[in-house]
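Report on the following structure.
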Amino acid sequence: MRRERQVLVFDADDTLWENNVLFERVIEDFLDWMAHPTLDRLQLRAVLDDIEAANTVTHGYGTQSLLRSLADCVERLRSRPTTAQELEEIKELAAALIDHQVELIPGVAETLTALGDRHDLLLLTKGDPDEQQRKIDMSRLAHHFREIGIVPEKNDATYRSLIETHGLTPATSWMIGNSPRSDILPARRAGMNAVFIPNQHTWVLEHDELDHTDEQVLHLGTFRELTNHF
């Protein structure tokens, strides 16, 4: 069957490779390290989530933003400035985020190869430019994409700009990702179609409700299934 050539725009973190699971491991270690005398782990996590939500607005995403949030959490819970020793211990907890190798999600490389033979592929990822570029380089996936964009945030304006910059036809363009908040909903509001591929480790701040009656959102279980539809 001959498929109409379309533009497929891919998210990166937790769509092409595992990412948030590494952050979750650091947070779990941090919660152990805090050992708060009155708050349990769920209460501690709620405080941290609140701090992270505020910090991403002004400081963006990635390892450095998490380190800042962990330090701010210590300061809030201990009602005093974070000490130099505490900052060093927090940095040690997060060392794995800086040193880790990129772990592709199963089927990604071969699926991108197949899709690239019949469609135009773009990559759109948000976060710290240097950190995201390092992961892109380590993934060895860059050659699959006609264009790669690293942006500070993925919202309605981001997708409208993407459409205008690349001259996309929204009706034949698809955003593919794991995040309802950053990948699916804003792309749909900009008029694009979307493919939702959930990841069990998706960051809680990326969760949102999807309209399951929206026929322009394709729900898949795995990345490999893309070749059944495109």
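Looking across segment 174-191 at every residue that is part of a strand (DSSP E or B) and either without any contact (Cβ under 8 Å) to a residue 60 or more places away in the chain or touching a Leu at 6+ places or on another chain (Cβ under 8 Å) (or both), the one that is surrounded by the most Cβ atoms within 10 Å (Cβ to Cβ) is identified as MET175.
Scan segment 147-173 for residues that are touching a Leu at 6+ places or on another chain (Cβ under 6 Å) and open to solvent by 30 Å² or more (accessible area, probe 1.4 Å) and the total you get is 2. If you go through segment 15-38 and keep only what is open to solvent by 50 Å² or more (accessible area, probe 1.4 Å) and over 14 Å from LEU97 (Cβ atoms), you end up with ASP32, TRP33, ALA35, PRO37, THR38. For ALA12, state whether it is of a type in the set (Gly, Ala, Ser), at pLDDT 90 or above, within 20 Å of the chain's Cα centre (by Cα) and crowded, with 19+ Cβ neighbours inside 10 Å. Yes; evaluated as a whole, the condition is true for this residue.
Residues that are more than 12 Å from ARG76 (Cβ to Cβ) and charged (D, E, K, R) were ranked within segment 40-51; the one that is most open to solvent (accessible area, probe 1.4 Å) is ARG41. The C-beta contact set for segment 12-29 (first residue part of a helix (DSSP H, G or I), second residue open to solvent by 10 Å² or more (accessible area, probe 1.4 Å) and among the aliphatic types (A, V, I, L, M), distance under 6 angstrom, 6+ apart or interchain) comprises VAL26/LEU93; ASP29/LEU93. Within segment 52-79, the set of residues being closer than 16 Å to LYS91 by Cα, free of Cβ contacts under 8 Å to residues at least 60 places away in the same chain and buried (at least 16 other Cβ atoms within 10 Å of the Cβ) comprises LEU66, LEU67, ARG68, SER69, LEU70, ALA71, ASP72, CYS73, VAL74.
The values are calculated or read from the model by the stated rules, or taken from the named source; none is laboratory data. None of the values given here were measured: they were computed from a predicted structure. Ideal geometry is used to build each Cβ from the backbone, glycine not excepted, and the neighbour counts take in all protein chains shown. Keep in mind that these areas ignore ligands, DNA and RNA; they rest on the heavy atoms of the full protein, side chains included. Shrake-Rupley method; radii C 1.70, N 1.55, O 1.52, S 1.80 Å.
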